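Notes follow the structure.
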Amino acid sequence: MSGKPNAPTAADAAVGKATGGGSDAAPGKAGGGRRPVSQETGHGVTTVHEVLEVGSPDMHIAEGYLPWQHAAAWTAVAAPFVAHGVRSLTQAVRADPDAKLLVGAAGAFCFVLSALKIPSVSGSCSHPTGAGLGAVLFRPPVMAALGSITLLFQALLLAHGGLTSLGANVFSMAVVGPWVAYGAYKLVRSATASLDEQTSLGGAVFCAAALGSLATYTVTSVQLALAFPDPASGFFGSFAKFAGIFSVTQIPLAIIEGLITVVIVRLLSRVNPDQLRRLGVLRRNSAAPAAGQATDASEEKAG
Amino acid sequence: MLAIDAAAYASPWRRVHPAVKGVFFGGLLVCALALPTWPAAPLVAAVALTAALGPARVSPRAFARAAWGPLLFILTGSLTLLVTVGGPQGAIAFDPDGPARAAEIIGRAAAAVCCQLLFALTTPLADLLPRLTRIGLPAALVETVALIYRMLFVTLDSAHRIQTAQAGRLGYSHRRAWVRSVGALGAALFVRSYDRAQRMQRGLECRGYTGELTVLVDELSLRPAAVSAAALPSVLVAAATVSYMFLGAGL
């Protein structure tokens with residue numbers, strides 16, 4: 001891939017940006033006017049609304065929606081998971097400085113994936129698509145750290161979710177979602193160990209993404225129900241109300257997210273099986289499905 | 001560029017130290033959350049919007065576009081407060097106290113969203129992130145966050161170009177194709193992100209990379225007087241709210 005004609009310029013631009021200081025990223029400098037210019041194509045601007053469209057309620061709890069006591073409590077609950085994730089992330093970076101850029105790439109990937117426009121019942125909708133896939137690829141502790149960073153960026157760059165409600169959102173989207181997804185993935189993987197690799201992987205990944213997404217939605221409903229209990233029936237009535245109103249969009253979304261994640265992992269296992277093997281997603285001894293990778297696979301077997 | 005970030009770079013308040021803006025909007029945010037919603041929330045929203053649309057010249061269009069998403073969530077969530085379930089009146093009944101409760105939450109959340117968004121619309125993340133080490137976050141973490149921020153726009157750009165190409169091939173014409181296209185987009189992004197990270201790594205090594213990504217941060221002066229001045233509006237809002245409460249109790 002490094003043989004592409006545009007490879008050196010892209011790498012130079014990126015490196016120049018990394019060492020050249022934050023202010024160079026300011027819009028308008030390259031274009032002369034006030035219109036921001038795309039860094040790679042040199043023309044036009046990627047506004048967020050081209051990549052995603054806010055068409056239906058997303059599940060990020062908005063700033064100020066939770067009473068401050070609840071916001072503080074959820075922050076306290078999420079903090080140990082995030083601290084653990086950050087520790088494993090910084091240890092990985094310290095042990096291998098080369099991993100730093102890969103972590104950066106993974107974080108940016110998670111953010112963009114969560115900002116993708118995916119089809120839904122009420123038009124299109126943004127949705128944290130990445131959590132299930134991220135948990136399978138990078139493990140839940142790392143995902144707690146990357147997910148928190150993604151949510152911070154979403155709050156400040158996309159106005160999805162708030163700063164005081166960051167703890168509550170981190171707990172539902174970066175802690176419970178990934179852990180449930182990872183648990184479902186491991187469970188289905190071991191249950192279908194006798195099936196062939198592609199079927200087993202597809203089923204496991206679908207369950208991981210769909211269940212992770214549903215878990216996120218359930219936890220958010222619990223958080224809202226605890227904050228606003230129903231005057232007559234208390235927590236359970238309130239939970240039914242919140243879960244009911246969000247289920248219209250969230251249950252179809254969970255299924256679609258599962259399907260999309262299966263497509264992603266199937267494509268990756270065909271295009272980039274070595275990377276997946278390194279991440280522990282594909283089994284070491286599994287034959288690469290694409291004919292082009294046959295030599296690779298035989299080398300693996302020989303070694 | 002994302003719309004909020006682009007607005008932040010163009011903001012006249014860009015040269016103001018992030019700590020000053022943080023104290024100003026953060027103080028108002030605390031007022032909105034901790035004080036009684038009426039009258040604190042409208043006061044906070046009024047002060048924040050006056051400052052933002054006046055001296056900070058935030059474009060009302062950019063603000064409205066950014067505020068749309070969270071407000072939609074707040075309104076949908078508050079709908080549930082209007083009804084009560086499982087009470088003596090039946091499975092689903094109108095709650096007479098519901099509108100007051102819903103209005104209180106909408107007021108509080110809308111004021112808080114104003115503070116959050118106006119901070120985001122006047123402060124570029126590139127100015128904010130390197131200073132996060134001052135409040136005690138580990139340097140390795142801040143560096144990783146800044147790196148993700150820098151790589152984000154290139155990745156977003158790739159996503160946009162892949163999406164345009166897919167749309168040009170009718171990749172989003174129906175739901176099945178949509179799912180397939182989004183899946184292909186995600187896979188291509190993963191491969192490209194890793195490939196780009198490895199190429200950047202090679203490029204950095206050729207320039208004597210030792211594991212440190214040093215970045216120039218714009219020097220912005222931070223005067224204690226500016227911080228105190230930034231804290232003043234929230235103190236005034238708090239004082240006005242408290243005196244209103246006392247007067248209300250006295251009458």
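The values are calculated or read from the model by the stated rules, or taken from the named source; none is laboratory data. Just so you know, these numbers come straight off a predicted model, no measurement behind them. Cβ atoms come from the backbone with ideal geometry, glycine included; neighbour counts cover every protein chain shown. Only protein heavy atoms, including side chains, enter the accessible area calculation; ligands, DNA and RNA are left aside. Shrake-Rupley method; radii C 1.70, N 1.55, O 1.52, S 1.80 Å.
Once backbone amide H atoms are built at 1.01 Å from N, residue B:92 has B:86 as its partners under 5 Å, excluding neighbours fewer than 5 places away on the same chain. Here is the tail figure for the range B:51-189: Cα pairs spaced more than 20 Å apart come to 71 percent of all pairs.
Report D for the range A:142-268 in µm² per second (integer): Stokes-Einstein, Kirkwood Rh on Cα pairs, 4 °C, 1.567 mPa s.
Details: Rh = 15.8 Å.
Stokes-Einstein gives a translational diffusion coefficient of 82 µm²/s.
If you plug the beta carbon distance of residue B:219 and residue B:53 into 1/(1 + (r/R0)^6) with R0 = 25 Å, you get a FRET efficiency near 0.30. Translational diffusion of chain B was estimated from the Stokes-Einstein equation, with Rh taken as the Kirkwood radius over Cα pairs; at 4 °C and 1.567 mPa s the coefficient is 59 µm²/s. Across the range B:59-68, computed HN-Hα scalar couplings (Karplus, 6.51 cos²θ - 1.76 cosθ + 1.60, θ = phi - 60°) run 6, x, 5, 4, 5, 5, 5, 6, 6, 4 Hz from first to last residue, x flagging Gly and Pro.
Using only Cα atoms, find the angle between the long axis of helix B:224-250 and the longest principal axis of chain B, and express it within 0 to 90 degrees, rounded to the nearest 10. It works out to around 30 degrees. Close amide H contacts of residue A:164 (hydrogens built in the peptide plane, cut-off under 5 Å, sequence separation of 5 or more or a different chain): A:64.
Taking a probe of 1.4 Å, how large is the accessible area per residue of the range A:64-283, in Å²? Kindly include the intermediate steps, with their values, before the conclusion.
Values: 6910 Å² over 220 residues.
So the range A:64-283 comes to 31 Å² accessible per residue, rounded to a whole number.
Extension gain, residue B:97-residue B:173: 0.36 nm per intervening residue step, less the Cα-Cα distance, totals 22.7 nm. Rolling a 1.4 Å probe over the protein heavy atoms of the range B:137-206, with every protein chain left in place, gives an accessible area that is 59 percent carbon and sulfur. The eigenvalues of the Cα gyration tensor, multiplied by 5 and square-rooted, give the range B:137-206 an equivalent ellipsoid with semi-axes of 31, 14, 9 Å from largest to smallest.
Grab the Cα-Cα distance for residue A:95 and residue A:274, subtract it from 0.36 nm times how many residues apart they are, and report the gain in nm with one decimal. Display every interim value, and only then the final one.
Working: separation 179, 0.36 × 179 = 64.44 nm, distance 2.20 nm.
That works out to 62.2 nm of additional length.
Taking amide H positions as modeled 1.01 Å from N, with prolines and chain starts lacking one, no residue 5 or more places away or on another chain lies under 5 Å from residue B:213. Applied to the range B:179-191, the Karplus parametrisation 6.51 cos²θ - 1.76 cosθ + 1.60 on θ = phi - 60° returns per-residue 3J(HN,Hα) values of 4, 5, 5, 5, x, 5, 4, x, 5, 5, 5, 4, 4 Hz, with x for Gly and Pro.
Summed over both chains, the accessible area lost when B and A associate is about 9200 Å², using a 1.4 Å probe.
What ratio of Cα Rg to 2.2 N^0.38 Å holds for the range B:67-126?
Computed over Cα atoms of the range B:67-126, the ratio equals 1.52.
Solvent-accessible area per residue in the range B:137-206 equals 39 Å², computed with a 1.4 angstrom probe and all protein chains kept.
Taking the alpha carbon gyration tensor of the range B:144-251, multiplying each eigenvalue by 5 and rooting it gives semi-axes of 49, 30, 10 Å, largest first.
In order along the range B:163-168, phi translates into HN-Hα couplings of 5, 4, 5, 5, 5, x Hz, rounded to whole numbers, per the Karplus curve 6.51 cos²θ - 1.76 cosθ + 1.60 with θ = phi - 60° and x for Gly and Pro.
Residues with beta-carbon under 12 Å from that of residue B:121, excluding residue B:121: net charge, scoring Lys, Arg +1 and Asp, Glu -1?
Details: positive: B:14, B:21, B:57, B:61, B:65; negative: B:5.
In short, +4.
Counting protein heavy atoms only, the range A:64-283 has 71 percent of its accessible area on carbon and sulfur, 1.4 angstrom probe. Taken over the C-alpha atoms, the range A:64-283 has Rg and Dmax values of 17.6, 58 angstrom.
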